[in-house]
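To keep things clear, I will list the structure first and then write my remarks on it.
The values are calculated or read from the model by the stated rules, or taken from the named source; none is laboratory data. If you're wondering where the values come from, they're calculated on a predicted model, not measured in any experiment. With ligands, DNA and RNA removed, areas are computed over all heavy atoms of the protein, side chains included. Shrake-Rupley method; radii C 1.70, N 1.55, O 1.52, S 1.80 Å.
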Amino acid sequence: MLQTVSVCTAALAAVIVSMVSVYGGMVTYAPLRHAAGPRTSDEVVRWWPLLVYGPWMVASLSVLRAAFHQRRAVHSWSVILLFSTIAMTLCVAQAPRTFSDAAAAALPAVAALACFQQLVRQITLTRPPRQAAPRHRNVTAPPTITSG
């Protein structure tokens with residue numbers, strides 16, 4: 001029963017993370033396109049947000065895979081943090097120069113990152129810890145010969 005509730009909670013968290021990420025992407029799509037607009041052709045501007053969220057998504061999938069296999073994913077977390085920071089910076093740069101507007105521009109990237117981190121925590125908590133295999137054989141030291 002407890003395991004079922006735990007898995008259902010993780011599934012609900014996955015749905016919420018998906019909703020927050022999609023909504024965050026919708027909110028940040030225009031500011032990211034605008035950031036590329038003046039220097040880039042219209043055809044490329046349409047796909048510009050993919051340059052930010054593509055690596056974020058691939059790294060997120062790597063983190064999820066690592067979580068399911070109970071492995072660490074330091075490199076993938078670094079990519080997620082880097083591209084979350086890029087998205088947040090580009091959106092804040094396009095926002096009006098007030099604190100509330102800058103905070104609102106930063107919120108989608110921060111919310112998606114926080115929700116994703118919590119989802120990974122849910123996954124790692126619903127999986128029972130695996131038994132660590134010994135790395136080395138337990139070899140007893142040969143008896144020492146003492147001269148006497």
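Rounded to two decimals, what is Rg over Rh for the chain when you use alpha-carbon atoms and the Kirkwood radius?
Result: Rg/Rh = 1.26.
Give me the number: length gained by fully extending Arg71 to Thr40, i.e. 0.36 nm times residue separation minus the C-alpha to C-alpha distance, one decimal in nm.
This chain segment gains 7.1 nm when fully extended.
Taking the inverse of the average 1/r across all pairs of different Cα atoms in region 3-49, what Kirkwood radius in Å do you get?
12.7
Can you sort Tyr23, Tyr53 by 1.4 Å-probe accessible area, starting with the largest?
Accessible-area ranking of Tyr23, Tyr53, largest first: Tyr23, Tyr53.
Averaging sequence separations of C-alpha pairs under 8 Å and six or more residues apart, then dividing by the length of the chain, give the relative contact order as a whole percent.
Rounded, it is 32 percent for the chain.
Given a 1.4 angstrom probe, what's the average accessible area per residue across the chain, in square angstrom?
72
For Ala102 and Gln118, compute 0.36 nm times the residue count separating them, minus their Cα-Cα distance, and round to one decimal in nm.
Extra length from Ala102 to Gln118 when fully extended: 3.3 nm.
So how tilted is helix 2-36 from the main axis of the chain? Cα-based, degrees 0 to 90, rounded to 10.
40
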